[in-house]
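The block underneath contains the structure these notes are about, expressed in structure tokens.
The values are calculated or read from the model by the stated rules, or taken from the named source; none is laboratory data. Fair warning: this is a prediction, and the values are worked out from it, not measured in the lab. Cβ atoms come from the backbone with ideal geometry, glycine included; neighbour counts cover every protein chain shown. Remember, those area values only see protein heavy atoms, side chains included, never the ligands or the DNA or RNA. Shrake-Rupley method; radii C 1.70, N 1.55, O 1.52, S 1.80 Å.
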Amino acid sequence: MNVAKSGYRVFSANSSAACTELAKKITERLGVELGKSVVFQESNRETRVDVKESVRGQTIFIIQTIPRDVNTAIMELLIMAYALKTSCAKNIIGVIPYFPYSKQCKMRKRGSIVCKLLASMLARAGLTHIITMDLHQKEIQGFFSFPVDNLRASPFLIQYIQEEIPDYRNAIIVAKSPAAAKRAQSYAERLRLGLAVIHGEAQCSESDMADGRHSPPSVRNTTGHTGLELPLMMAKEKPPITVVGDVGGRIAIIVDDIIDDVGDFVAAAEILKERGAYKIYIMATHGLLSADAPRLIEESAIDEVVVTNTVPHEVQKLQCPKIKTVDVSMILAEAIRRIHNGESMAYLFRNITVDD
């Protein structure tokens, strides 16, 4: 394809090798060259972006993966979008496979909905559209004032299960908590496998202290009218961890959208091992794998962790051979092509349910 006549450019907003590699895979599939730009940190840690070619009147796609330094990656994206906006680009579309701060999409006590703030910042910087993958909560799409295409990684993970897991017909899909049951059910139905749910797992995000149900204080040092007396709420008591479903003599496949702090996954693997599962796989879209995650996985009963390349994790793979990667550049490239040509995106969501 002649880049000059294509009417669009693809830029990488991150100087890291992982982001550049993903951007090159996408541009190779599209048959275009990667846009010429320089992204770097100055001596005072300020981010600087220099666009080295004209973008006037063109549609621009900015590819940005989110490494461990999340805030720097966000500033790179904001500054590049603003630089392209002031250079008279026609449309600026962010390709953000993993959307950062997506876990902070609900009000917690006296906190804030940071995900909504980030959506507003991206709009003010100049973005007019976003392509992302497996948002932590699908309601996040409502935070944006412009279109959001939330792609799914499940077809690639299901293909991996079918091609790379021997005797996968003897497997059972596992939800590590009741909250993940819908996603697990979707996988189980498409693979025609059984379903198991682990119940009784600690849910930190739903704890009494996190959701503010102890605020305001029950005792007030005020005079006069004391207000209404609310019924006494019974404290939650988590039941003993149980597995709903037979995993004995089966391959257990735990599915989720994000794997970051692997403590819950390691505990789930131990329970499944005790219940007779002889192999344990974890399938997740975004492999953040923070802190000691590689070491904990290596020392655990988990046989393999399969994630996509939405987030750079090459260092973690060197530390733990159990971590495997599935490439999703194909669907990102196809989304870019269809958006530029004004084609329907429905093909990319065939056989996809809202629960994926």
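Residues within the reach of a label modelled at R29 (point 7 angstrom out along Cα to beta-carbon, backbone nitrogen below 19 Å), restricted to the range 91-113, are 93-99.
Add -39500 (n - 2.57) for each DSSP H run of 4 or more in the chain, then divide by its residues: what number comes out at 222 nm, to the nearest 500 deg cm²/dmol? That comes out to -9000 deg cm²/dmol. Packing around the peptides 266-274, 138-146, 341-349, 251-259, taken as the average count of other Cβ atoms within 10 Å per residue, puts them in this order, highest first: 251-259, 266-274, 138-146, 341-349.
Sorted by average packing, counted as other Cβ atoms within 10 angstrom per residue and highest first, what order do 289-296, 173-180 take? Please report the intermediate quantities before stating the final value.
Working: 289-296: 17.8, 173-180: 21.6.
Ranking the peptides 289-296, 173-180 by packing returns 173-180, 289-296.
Which of D134, D303, D167 moves the most in a Gaussian network model of the chain with Cα springs under 10 Å? Greatest mean-square fluctuation among the candidates belongs to D167. Per atom type, the range 23-123 shows carbon and sulfur on 50% of its accessible surface, probed at 1.4 Å. Dipole magnitude for the chain: computed about the Cα centre from +1 point charges on Lys and Arg Cβ and -1 point charges on Asp and Glu Cβ, it is near 1060 debye.
Over the range 1-144, the ratio between the Cα radius of gyration and 2.2 N^0.38 Å evaluates to 1.05. Here the simple spin-label model places points 7 Å from the Cα toward Cβ, and for K238 and R108 these points are separated by 1.5 nm.
Taking all protein chains into account, the per residue accessible area for the chain stands at 51 Å² (1.4 Å probe).
Here the extension length gained between E274 and H199 equals 25.5 nm, from 0.36 nm per residue of separation less the Cα-Cα distance. Extending 7 Å from Cα along the Cβ direction at L348 and again at E189 yields two label points whose distance is 2.3 nm.
Length, then width, then depth: along the principal axes, the Cα atoms of the range 85-158 run 40, 39, 16 Å. Between S290 and E21, residue separation times 0.36 nm minus the direct Cα-Cα distance comes to 94.7 nm. For the chain, the C-alpha radius of gyration divided by 2.2 N^0.38 Å, with N the number of residues, is 1.11. Placing a pseudo-label 7 Å from each Cα along the Cα-to-Cβ vector at S145 and C88 gives an inter-label distance of 2.4 nm. With 0.36 nm allotted per residue and the present C-alpha distance subtracted, the E46-R337 stretch has 101.4 nm of extension available.
Comparing C88, C320, C19 in a Gaussian network model of the chain (Cα springs below 10 Å), the most mobile by mean-square fluctuation is C88. For the peptides 107-114, 241-248, the ranking by packing is 241-248, 107-114, with the highest mean count of neighbouring Cβ atoms within 10 Å listed first.
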